[in-house]
Amino acid sequence: MLPNILNKIIIFALKIKTILDSYRHKGLRNQLVEELRLKGISNLEVLEAIRRVPRHLFLDNAFGEWAYKDNAFPIDCEQTISQPYTVAMQTSLLNIEPKNKIMEVGLGSGYQACVLHEMGAKVYSIERHKHLHDKTAKRIHEIGYGLIRTFFGDGFEGLPRFAPFDRILVTAAAPENVMKLIDQLVVGGIMVVPIGKNNDQIMYRISKLEDGKIKKETFGHYKFVPMLPGTA
């Protein structure tokens, strides 16, 4: 009985998503994908995931015209919905494989989590702001992404109950010490995280090697809101 109810809820959510996603919006997404491709995003699966996610549904209606510009935009709780290029770059760096179990630190608007879901990942996402968590969890369920698991909590602590994870994505600027999160990676796992302060961070890809060592790679400078401890 319960699976039938869940299926009906998912079908209803997909109908809502289809109604709210017009041909105009799809055309704007096609333009955005082409812009990202010209800026150097070459991973076709990432580009197709971005093409499928209706970004305008993650902004309040009054700001819908901004949805398909390649810019970050403020949302509730002094957070931002990330620039599409940044979403595409971080997602590309994760080297996602089908059914990867991914922990996202910083649910925010939910847009990045939905892109990960479109990549075939099992997504677990943490948000420290209760108001933002509740609003976003409701939204992503309503538009057909009910399989994404969301948690209100401290991102610095991760989700040890559900660890280990194949991939970890941090969508806020972390301090240098992120070992508590690295400990929740499988051997062979990858974490992508911006590290630094003062609106100037370096994007790291951290790989957990089989001999127990950590490999770090850098991928340029970015600007993220700071990752803060505790909950709000």
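Results for (1) in a strand (DSSP E or B); (2) surrounded by fewer than 22 Cβ atoms within 10 Å (Cβ to Cβ); (3) without any contact (Cβ under 8 Å) to a residue 60 or more places away in the chain, shown as yes or no for each residue.
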residue: E104; (1), (2), (3): yes, no, no
residue: V115; (1), (2), (3): no, no, no
residue: S125; (1), (2), (3): yes, no, yes
residue: K135; (1), (2), (3): no, yes, yes
residue: H141; (1), (2), (3): no, yes, no
residue: G146; (1), (2), (3): no, yes, no
residue: P160; (1), (2), (3): no, yes, yes
residue: L181; (1), (2), (3): no, no, no
residue: V192; (1), (2), (3): yes, no, no
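For segment 151-183, residues that are touching a Gly at 6+ places or on another chain (Cβ under 8 Å) and of a type in the set (V, I, T) total 3. I'd like to know if segment 212-220 contains one or more residues that are among the polar types (S, T, N, Q), surrounded by 12 or more Cβ atoms within 10 Å (Cβ to Cβ) and more than 18 Å from the chain's Cα centre (by Cα). No, segment 212-220 has no match at all. The set of residues from segment 78-115 being hydroxyl-bearing (S, T, Y) and more than 11 Å from the chain's Cα centre (by Cα) comprises T80, Y85, S92. Checked against (1) at pLDDT below 95; (2) outside any helix (DSSP H, G or I), R24 meets all criteria but (2). You will find that of A72, A88, the residue that is modelled with pLDDT of 95 or more and closer than 15 Å to T171 by Cβ is A88 and no other.
Residue under question is A67, and the condition is that it be under 19 Å from R51 (Cα atoms), aliphatic (A, V, I, L, M), in contact with a His (Cβ under 8 Å, 6 or more places away or on another chain) and at pLDDT below 95; does it hold? Yes. Within segment 194-228, the set of residues being aromatic (F, W, Y) and either free of Cβ contacts under 8 Å to residues at least 24 places away in the same chain or closer than 18 Å to I102 by Cα (or both) comprises just one member, Y204.
To keep it simple, each residue is scored yes or no on (1) under 15 Å from E104 (Cα atoms); (2) at pLDDT 95 or above; (3) touching a Phe, Trp or Tyr at 6+ places or on another chain (Cβ under 7 Å).
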residue	(1), (2), (3)
K135	no, yes, no
L159	yes, yes, yes
V187	no, yes, no
G196	no, no, no
I206	yes, yes, no
F219	no, yes, no
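The values are calculated or read from the model by the stated rules, or taken from the named source; none is laboratory data. Just so we're clear, the structure is a prediction, and the values are computed from it rather than from any experiment. Please note: Cβ atoms are built from the backbone with ideal geometry, for glycine as well, and neighbour counts cover all protein chains shown.
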